[in-house]
Amino acid sequence: MNEDYIRRVNIKWPPMTWSQRLLLGLAVTLLLVLGLLLGIVLLGVGAIAVALLSLRLWWLRRQLRRSGQTANGFIEAEYRVVEEHRGIRHRPGTDHSSKP
């Protein structure tokens, strides 16, 4: 069936010599090795990137814990209740006068 297909599309492959087959084999082997090395390098770069990102997130969480903010979103702090003074109705520094 393969020969029938080659005859139909009129493809004629020239015969290969032993030197051409050797060079083709070396080229294929070289490309496979280079592809494997490239894959290893990319995996290494990805692993380093993940490690650095994990380290950064760990450091940020550590800083948040030290500053008093917990991971659940609550901030632990001391406070005191101040009763509202009825005499002041505006914020300092703002002018709420009714001058035209």
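The values are calculated or read from the model by the stated rules, or taken from the named source; none is laboratory data. Only a predicted model underlies this, so the values are computations on that prediction, with no experimental measurement involved.
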Quiz item: Which residues, counting only those in the range 1-29, are modelled with pLDDT of 80 or more and among the hydrophobic types (A, V, I, L, M, F, W, C)?
Solution: Met16, Trp18, Leu22, Leu23, Leu24, Leu26, Ala27, Val28
Exercise. For the range 42-62, state whether one or more residues are assigned to a strand (DSSP E or B) and modelled with pLDDT under 90.
Key: no
